[in-house]
Amino acid sequence: VWTPKFIGYGGGEAQASMSYGRYLKIGNLVTVSIDITWADVGNLEGYVCIGNFPFQADNSEGNGWNSVPISYRNKILNAKDSIIFLTSMGNGSAFHIRQTEGASFSNLSAANFQNGSSLAGTFSYICK
């Protein structure tokens, strides 16, 4: 069991009213299930990410970025017809929350969330 958190790419974290995670690690493959609900912006700065993963994602050359779709979302503003997905970047300690915009994408900010916004899903990533 692990506890996912809403964290800011610029620092701080948002408050979650509910946060639950489970994981299974076999070799360097980690499969996680998350269910997290937004309560308040807290002291979050910048784009919204999900952090506190049980193992750091491997973003080294040749492994590429880990990008995975989120299978359930509720009450996320300006994301009605888009696909919500997570992308691990940088040091692999957090996954950015993004949405599709035609052939492109954008990072979600605190303005896209409200009390009761939630994300849930199960996905796998390569860890270090």
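Here are the numbers for the structure shown:
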item: Average Cα contact separation per residue, the chain, under 8 Å, 6 or more apart, as relative contact order %; result: 31
item: Computed magnitude of the charge dipole of the chain (debye, nearest 20; Cβ of K, R +1, Cβ of D, E -1); result: 260
item: Lysine pairs meeting the criterion (Cα under 23 Å, 8 or more apart or interchain), as found in the chain; result: 4
item: Matching label, semi-axes √(5λ) of the Cα gyration tensor in Å computed from the structure shown, candidates (i) 22, 16, 14; (ii) 24, 18, 13; (iii) 28, 16, 14; result: (i)
item: The range 1-87: GluC sites (Glu not before Pro) in DSSP loop, at most 15 other beta carbons within 10 Å; result: Glu61
item: DSSP-loop trypsin sites (Lys or Arg not before Pro) across the range 1-108, with at most 12 other Cβ within 10 angstrom; result: Lys80
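Each reported figure results from applying straightforward, stated rules to the coordinates on display, with no laboratory input. Quick caveat: nothing in here was measured; it's all calculated off a predicted structure. With ideal geometry, Cβ positions are generated from the backbone for all residues, glycine too; neighbour counts draw on all protein chains shown.
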